[in-house]
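Heads up, the thing below is written out as structure tokens.
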Amino acid sequence: MSEWFTSAWNATMHFFTSMPWDTLGVWSLTICLLIVGIIGSVVPFLPGPLLIFAAGIIHTVLLPEAGMSAWGIALLSLGVVLSYVVDFVSGAMGARWFGASRWGIAGVLIGGIVGMFFAPFGLILGPLIGGVGFELAFAKKRLHPAAMSAWGSLLGTGVGLVLRLIVALGMVAVFLLDVLVW
């Protein structure tokens, strides 16, 4: 029993003394940022795609021999831009689908931008209030058609959330493929 314990102890000590702790630390940081980035693509207050992009850049800076290529970084950059375009456009497209006027779409966009400062409730209420307010004040619509366009805004924002999650998962896939395969 004593020999087995000594052998197990020596094997454990060899494992920990020979482990490249810097590489393990960088990978731990990268994986944590990727996970928080995926969560942040659906949770307000967390800039999910931006965190995924930061994970790729930080990993490349700290481990240049196992870092991303220029094409991978370019694809991550494109993913960040695409996710924010989806954020801003999705509510307006949903409102348009449900019959909003140009004033209503402008209200949804402005309400979405103002609502970002009052997260998490402002992210939902901002486009709704902006869309209904602009439809009532500037497009001179009645309450029911204005509320329908606001409902479309909410639905479009939900679809945009799903699309943003898909973009975030694609960004993680690009990172992993670039670092581990290419």
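What follows is calculated from the coordinates using simple rules that are stated; it is not laboratory data. Treat the numbers as computed from the prediction; the structure is a model and nothing was measured. Cβ placement follows ideal geometry from the backbone for every residue including glycine, while neighbour counts extend to all protein chains displayed.
Yes/no matrix, rows are residues, columns are (1) within 30 Å of Ala106 (Cβ to Cβ); (2) in contact (Cβ under 8 Å) with a residue 40 or more places away in the chain; (3) of a type in the set (Ser, Thr, Tyr):
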{"site": "Thr23", "(1), (2), (3)": "no, yes, yes"}
{"site": "Ile31", "(1), (2), (3)": "no, no, no"}
{"site": "Ala54", "(1), (2), (3)": "no, no, no"}
{"site": "Thr60", "(1), (2), (3)": "no, no, yes"}
{"site": "Ala66", "(1), (2), (3)": "no, yes, no"}
{"site": "Leu76", "(1), (2), (3)": "no, yes, no"}
{"site": "Val80", "(1), (2), (3)": "yes, yes, no"}
{"site": "Ser83", "(1), (2), (3)": "yes, yes, yes"}
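Out of Ser101, Ser90, Ser77, one residue alone is closer than 30 Å to Leu176 by Cα and buried (at least 17 other Cβ atoms within 10 Å of the Cβ). It is Ser90. For the range 30-56, a residue qualifies if it is surrounded by 15 or more Cβ atoms within 10 Å (Cβ to Cβ) and either farther than 26 Å from Val86 by Cα or among the β-branched types (Val, Ile, Thr) (or both), and the qualifying residues are Thr30, Val36, Ile38, Ile52. Against the conditions (1) within 16 Å of Met171 (Cα to Cα); (2) buried (at least 18 other Cβ atoms within 10 Å of the Cβ); (3) over 20 Å from the mean Cα position of the chain (by Cα), Ala70 satisfies every one except (2).
For the range 123-139, the condition of being in a helix (DSSP H, G or I), of a type in the set (Asp, Glu), without any contact (Cβ under 8 Å) to a residue 60 or more places away in the chain and in contact with a helix residue (DSSP H, G or I) (Cβ under 6 Å, 6 or more places away or on another chain) holds for at least one residue.
Scan the range 140-177 for residues that are more than 20 Å from Val86 (Cα to Cα) and not in a loop (DSSP other than H, G, I, E, B) and jot them down.
Listed by number, the residues that qualify are Leu143, His144, Pro145, Ala146, Ala147, Met148, Phe175, Leu176, Leu177.
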